[in-house]
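Structure, as structure tokens:
Read-outs: derived from the displayed coordinates by stated rules, not from any lab. Computed from a predicted structure; not experimentally measured. So basically every Cβ, Gly included, is an ideal-geometry build from the backbone, and we count neighbours across all protein chains shown.
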Ligand code: 5GP
């Protein structure tokens with residue numbers, strides 16, 4: 001029998017490890033990234049960890065993907081000026097380190113910031 005450890009984000013959902021949660025619904029949780037790359041840097045994460053990246057999520061549950069995007073918009077409006085960058089690192093060589101799909105919401109004065 002194989003057992004799979006819960007992802008770090010599932011442990012945040014279960015409140016086994018602390019996080020600065022800024023929004024939560026039945027299906028998603030949003031919390032500040034522990035290593036922020038922008039004045040506002042929030043991760044929006046489905047509570048289910050069955051999808052490892054955004055391509056799997058889009059193929060299997062587009063409504064949940066739409067909820068992630070709507071949550072990103074809400075966070076950018078609540079915590080910044082409503083403008084935001086949405087990043088899904090997809091695959092190790094693109095910088096993905098947690099294989100439980102998540103959107104990076106980056107906001108707050110990004111006019112000067114280049115992509116990447
Ligand atoms: P990825 O590199 O997979 O696109 O993004 C993973 C993100 O999760 C990174 O930006 C990293 O800083 C963040 N992260 C990793 N562990 C934790 C944690 O325990 N708490 C929080 N709040 N963020 C984390």
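Taken over the chain, the percentage of Cα pairs per 5 Å bin, counting from 0 up to the bin with the maximum distance, is 2, 11, 22, 25, 21, 13, 4, 1, 1, 0, 0.
For residue 56 and residue 99, calculate 0.36 nm times their separation in residues minus their Cα-Cα distance, and state this gained length in nm to one decimal. Mind showing how you got there, number by number?
On the way: separation 43, 0.36 × 43 = 15.48 nm, distance 1.10 nm.
So the chain would gain 14.4 nm between residue 56 and residue 99.
Here the sum of -39500 (n - 2.57) over DSSP H runs of 4 or more residues, divided by the residues of the chain, equals -8000 deg cm²/dmol at 222 nm, to the nearest 500. Residues within the reach of a label modelled at residue 85 (point 7 angstrom out along Cα to beta-carbon, backbone nitrogen below 14 Å), restricted to the range 21-36, are 36. Compared with the dominant Cα axis of the chain, that is its longest principal axis, helix 62-79 is turned about 40°.
Which of 106, 79 has the fewest other C-beta atoms within 10 Å, and how do the rest follow up to the most? Present the calculation step by step, with values, prior to reporting the outcome.
Details: 106 23, 79 20.
Neighbour counts put them in this order, fewest first: 79, 106.
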